[in-house]
Amino acid sequence: MELMANAMAQEAVSRTANRVAQEARRGGEDELRLKRFMNNKPPIFKGGYDPDGAQTWIEGIERI
């Protein structure tokens with residue numbers, strides 16, 4: 001019985017470790033994407049009412 005409990009606990013620890021490693025890799029990829037995006041100097045939205053300016057901003061973001 002104790003052997004089975006230990007095996008189940010070890011499996012749970014292994015799954016948790018795999019999940020944490022997978023999330024760390026994914027986070028690193030997201031950081032790289034954000035860095036590449038920011039290196040392209042995206043246009044900055046300044047707010048206010050400007051439909052044409054908003055459309056230009058959207059097109060600039062989509063281009064990147």
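Please state which of the following conditions residue 3 fails to meet, knowing it meets all the rest: (1) of a type outside the set (D, E, K, R); (2) open to solvent by less than 90 Å² (accessible area, probe 1.4 Å); (3) more than 19 Å from the chain's Cα centre (by Cα).
(2)
Determine whether residue 61 is without any contact (Cβ under 8 Å) to a residue 40 or more places away in the chain and open to solvent by 70 Å² or more (accessible area, probe 1.4 Å).
no
Only residues that are of a type in the set (S, T, N, Q) and open to solvent by 80 Å² or more (accessible area, probe 1.4 Å): list them for region 9-58, please.
10, 18, 22, 39, 40, 55, 56
The values are calculated or read from the model by the stated rules, or taken from the named source; none is laboratory data. Just so we're clear, the structure is a prediction, and the values are computed from it rather than from any experiment. When we count neighbours, we look across all protein chains shown, and the Cβ atoms used for this are built from the backbone with ideal geometry, even at glycine. With ligands, DNA and RNA removed, areas are computed over all heavy atoms of the protein, side chains included. Shrake-Rupley method; radii C 1.70, N 1.55, O 1.52, S 1.80 Å.
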